[in-house]
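The values are calculated or read from the model by the stated rules, or taken from the named source; none is laboratory data. Everything numeric here is computed off the predicted structure, so don't read it as measured data. Here the Cβ positions follow ideal geometry from the backbone for every residue, glycine too, while neighbour counts run over all protein chains shown. Only protein heavy atoms, including side chains, enter the accessible area calculation; ligands, DNA and RNA are left aside. Shrake-Rupley method; radii C 1.70, N 1.55, O 1.52, S 1.80 Å.
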Amino acid sequence: MKIKMNKHVLTGLLAIIVLSAQAQVPSPEEFLGYKIGTRYTPHYKVVNYFQAVAATAKANVLLESYGQTNEGRPLLLTYVSTSDNMQQLEKIRINNLRLAHLSNENAKSESAKQIAIVWLSYNVHGNETSSTEAAMLTLYSLVDPLNSKTKEWLKNTVVIIDPCINPDGRDRYVNWYNSVVGKQYNPALNSREHREPWPGGRTNHYNFDLNRDWAWQSQVESQQRIIKYNQWMPQVHVDFHEQGINNPYYFAPAAQPYHEVVTSWQKDFQVTLGKNHARYFDKNGWLYFTREVFDLFYPSYGDTYPTFNGAIGMTYEQAGGGSGGLGVLTDESDTLTLYNRAIHHYTTSLSTIEVSSLHANELINNFTTYFNDAVNNGSGEFKSFVVKYNDADRERINSLIALLTKNGIQFEINANDTKSNLSGYNYNTGKDESFSLKTGDVIIPSQQPRAAMTKVLFEPKSKLVDSATYDITAWSLPYVYGVNAFASKAKIQSNGTTNYTKASNKLADDYGYVIRWQGIQSAKVLSQLLLKSVKVRFSEQAFEIKGQQYDKGSLIVIKKGNEQFGTNLFSVVNEVCNENNITANNISTGFVDKGADFGSSKVHILKAPKIILLTGEGVNANAAGEIWHFFDQNLGYPITLVNANDFGRINFSETNVIIMPAGNYKFLNDKGSSDLLKEWINKGGRLVALENAVTQLAKLEWGIKIKKASEADDKKDTYDALQIFENREKDFLAGNIPGSIFKVELDNSHPLAFGYPNYYFTLKQDDNTFEFLKEGGWNVGVIKKDNQVAGFVGSKLSSKLKDAVVFGVQDMGAGAIVILGDDIIFRSFWENGKLMLCNSVFFVGQ
């Protein structure tokens, strides 16, 4: 039986079906019970909303948990597209990787469609909260049955949404704000709800800035996210941020300096996107700016990392940040609300998807060309980078290889020596020199899919077209890792390939065991042995025994003092060394062939350090976080975190090492407190001071003096005060050093420099250096003349950055102050400085 329906009945049924579908997909307001921007949404509710949408829009949405934070919060990715695209999502992914020469699968994708991948990353800085709220609005717009525009865009686009990169930091801010705001928010800037407490919500659990960690991947959030990112390799990536409350919205195109690997196509497409955003902002009367402040130079941002990996990488910045709250009065007496902030980010989110869809073929074609060119031609003047192998650098090289692997950078380990003479730029000498390829050398070719990133990370000196950059200006990996390397203009191929053999100790019961001190894995061995109550000695001189040579700082474990282990001492050492890929050697006697015997006064018992790290209000949160993370996650050695304001409550008899990161220490201005600290040092305490903490100690006249510019350099021209107003930013740069590499000459006979050659490459971010130490002082690391290696240094600073101490030890009574004038573990990626931090707590003063 046929049933006839008139046109009006059919239309009505379709309307009911559409409305029913709409009701099944909840809007953020329907699900949360409040309008976006009127309250802060904690992470668990954000997760619940994304789960609800994924459950009710299964044909168009796939929700994936890619990991969790240090505090156990889930990290999410949401894939959104048409039902047809979602059914072949994996084929789209593989096909996209094939375009980038990153897929091993040979079969062509069954999909003939050209699908653009757009990745939107929200809330990398926890207290820049509006973007996560905007992420919920964006998701709903993409699945809203009544939104015909987004349905059209998704036909040739897959959108990947990460609603919150930094849930720990965001919840820290949101939970605090919700605990202090009243029934109605107070927009007055001096209200407590606009003054978040230390350390603020910007950073993750360990006080790390995740927007500086994309390339280095020191943090668990970054490590898990980049695995997924490299499995997709999107054509477009946006990193959503907030800035000061009085700033208009910022979107692409970016400011100079651009790194030279940024292509004309990438620059032009940023302009295309920016013009579309401007169209929406102009229509609404919203202010914005472009081409200022936010550059594309430092490689570890959420815009540069994607850019150097073939994408259109961009930062979007909305006014707000930690001072924003639910509403705050700006300098123009306007109330900036969370709703306003979220809507602005929501608008650029949709505008980005729109432009990407309209230009999908252009994106994909240029993306393909980008990687074809990378594989065929490489990037830059150097065609190969060679890291020279030697046993002393093995730990450093292994760490470098781990970083290359994380970033998908291709490399080979050479299997056999070759007699052919090669030439290249020697990173250590700064000169073009000849070299030969030896067994174990690591070859990193320029001609590979990640050619641009390889060039950026390895080039000896990056070119700056504008010195007014947002971050450090030098980071070349051979300097960061302290390895010997060459940059060659020739395409160098390996003579067979190999892998390094993992340590497999088979120690036997014997007189004792020796472990070379060569890197962080060696330090982990020491840490674990001390935690197992093994007594460990070290030699302050090099020695030789049975044909084996051991350098200064080598660890010695003998039965004497370890009687509690009986005949099982060897199994403890064996297990710990194998676990950390470190070789240990049996010794049958304490009588050495060269050097000091094990009973000599040159061989010392290591007393396990009891370490306090000063933290809290007044201390630089990033600086304290680096050290906390290093001991907690990298070294696995316990430390006690004490708020600097509680200095007077420290039980000094229960600690022998205090670490002072960069900060402003009020207790040093109190004579009673500073005298208490001095008394503790004189009795045998070791104070490890970093960065500007050293400059504060210099004011106490404890033998440390800040180096000042010479009188000749201090002389000013009569007309120096006559400055041009429009040149004020350039004039500022003359006294600026945003982050440059200097070669430091080391006294590696001192325990602070054990495990190093007679030089070290340091990252200087200020002009603080110190006069040569006298009367009980040891000038361990000195910058001499013309030792700048890479990066920008203002013209007015040259006189202070020569003939000065950067690292040293000032003896005081039975104790010592360790002077670490620079951030030696900067952002936890300056790998070669980590051993010096270990030396400062384990060796110095022993």
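Per residue, the solvent-accessible area of the chain (1.4 Å probe, heavy atoms of protein chains only, all protein chains present) comes to 41 Å². In the neighborhood of residue 196, defined by Cβ-to-Cβ distances under 10 Å, what is the net charge if each Lys or Arg adds +1 and each Asp or Glu adds -1? Overall, the nearby charge balance is +3. Rounded to the nearest 20, the Cβ-based charge dipole of the stretch 197-274 about its Cα centre (Lys and Arg +1, Asp and Glu -1) stands at 100 debye. A cut-off under 11 angstrom between Cβ atoms defines the neighbours of residue 237, and their net charge, with Lys, Arg +1 and Asp, Glu -1, is -3. Distance between the modelled labels on residue 422 and residue 35, one decimal in nanometres: 6.5 nm (7 Å Cα→Cβ projection). Under the criterion of Cα pairs below 8 Å and six or more residues apart, the relative contact order for the stretch 42-107 equals 21 percent. Placing R0 at 41 angstrom, the Cβ-Cβ distance between residue 84 and residue 192 gives a FRET efficiency of 0.20 after rounding to 0.05.
Among the listed pairs 406/535; 594/764; 699/796; 461/800, those whose Cα-Cα separation exceeds 29 Å are 406/535; 594/764.
Placing +1 on each Lys and Arg Cβ and -1 on each Asp and Glu Cβ, with no other charges, gives the stretch 427-569 a dipole about its Cα centre of roughly 260 debye. Distance between the modelled labels on residue 601 and residue 666, one decimal in nanometres: 4.7 nm (7 Å Cα→Cβ projection). Positive contributions from Lys and Arg (+1) and negative ones from Asp and Glu (-1), summed over other residues with Cβ under 15 Å from the Cβ of residue 649, come out at -3.
Taking each of 491/552; 455/707; 671/774 in turn, the alpha-carbon distance tops 28 angstrom for 491/552; 455/707.
Placing a label point 7 Å from the Cα of residue 643 along the Cα-to-Cβ line, the residues of the stretch 180-201 whose backbone N sits under 20 Å from it are 180-181, 192-201.
The calculated FRET efficiency for residue 610 paired with residue 369, based on their beta-carbon distance and R0 = 60 Å, is about 0.50.
Cross-link reach is defined here as a Cα-Cα straight distance under 16 Å, omitting same-chain residues fewer than 8 places apart; for residue 683 the lysines meeting it are 607, 610.
Near residue 288, the amide H atoms lying under 5 Å from its own belong to 249; only residues 5 or more places off or on other chains count, and H is placed 1.01 Å from N.
Could you work out the Kirkwood radius for the stretch 515-598, taking every pair of different alpha carbons, averaging 1/r and inverting it, reported in Å?
Radius from the Kirkwood sum: 13.1 Å.
Put simply, the amide H of residue 327, placed in the peptide plane, has neighbours under 5 Å in 338, leaving out anything fewer than 5 places away on its chain. Of all the C-alpha pairs in the stretch 627-703, what % are more than 18 Å from each other? That fraction is 41 percent. Based on C-alpha pairs under 8 angstrom that are at least 6 apart in sequence, the chain has a relative contact order of 10 percent. With θ taken as phi - 60° and the Karplus curve 6.51 cos²θ - 1.76 cosθ + 1.60 applied, the whole-hertz 3J(HN,Hα) list for the stretch 624-633 is 5, x, 4, 6, 4, 4, 4, 5, 6, 9 Hz, x standing for glycine and proline.
Panel note: the C-alpha atoms of the stretch 66-145, placed on their principal axes, show extents of 45, 35, 19 Å (largest first). Taking the 0 to 90 degree range and rounding to the nearest ten, how far is the long axis of helix 43-56 tilted relative to the main principal axis of the chain, both from C-alpha atoms? Compared with the principal axis, the helix lies near 40 degrees.
Of all segments of the chain bounded by chymotrypsin sites (Phe, Trp or Tyr not before Pro) found in a DSSP loop with no more than 13 other C-beta atoms within 10 Å, the longest spans 35-590. For residue 497, nonlocal amide neighbours, meaning residues 5 or more places apart or on other chains whose placed amide H falls under 5 Å from its own, are 415.
Could you work out what % of the accessible surface of the chain is carbon and sulfur, using a 1.4 angstrom probe and leaving DNA, RNA and ligands out of the count?
That fraction is 48 percent.
Note on residue 151: aspartates and glutamates with a C-alpha under 19 Å away, same-chain residues under 8 apart excluded, are 84, 354.
With r defined as the distance between the Cβ atoms of residue 70 and residue 722 and R0 fixed at 60 Å, what FRET efficiency is calculated, to the nearest 0.05?
Working from the Cβ atoms, E equals 0.65.
At 37 °C and 0.692 mPa s, grab the translational diffusion coefficient of the stretch 207-333 from Stokes-Einstein with a Kirkwood Rh over Cα pairs, rounded to a whole number in µm² per second. Reported coefficient: 210 µm²/s.
To one decimal place, what Kirkwood hydrodynamic radius in Å is obtained for the stretch 186-271 from all pairs of distinct Cα atoms?
About 16.5 Å for the stretch 186-271.
Convex hull volume of the Cα atoms of the chain, normalised per residue: 211 Å³.
Straight-line cross-link reach from residue 602 at under 20 Å between alpha-carbon atoms covers these aspartates and glutamates, not counting any fewer than eight positions away in the same chain: 540, 544, 551, 593, 747, 811. Starting from the Cα of residue 265, step 7 Å along the direction of its Cβ; do the same at residue 466; then give the gap between the two resulting points in nm. If labels sit at residue 265 and residue 466, their model points lie 2.5 nm apart. Only helices enter the 222 nm calculation for the chain: every DSSP H run of n ≥ 4 contributes -39,500 (n - 2.57), and dividing by all residues gives -9500 deg cm²/dmol, rounded to 500.
Gain in length, residue 279 to residue 155, computed as 0.36 nm per residue apart minus the alpha-carbon separation, to one decimal in nm?
Answer, rounded to one decimal: 42.3 nm.
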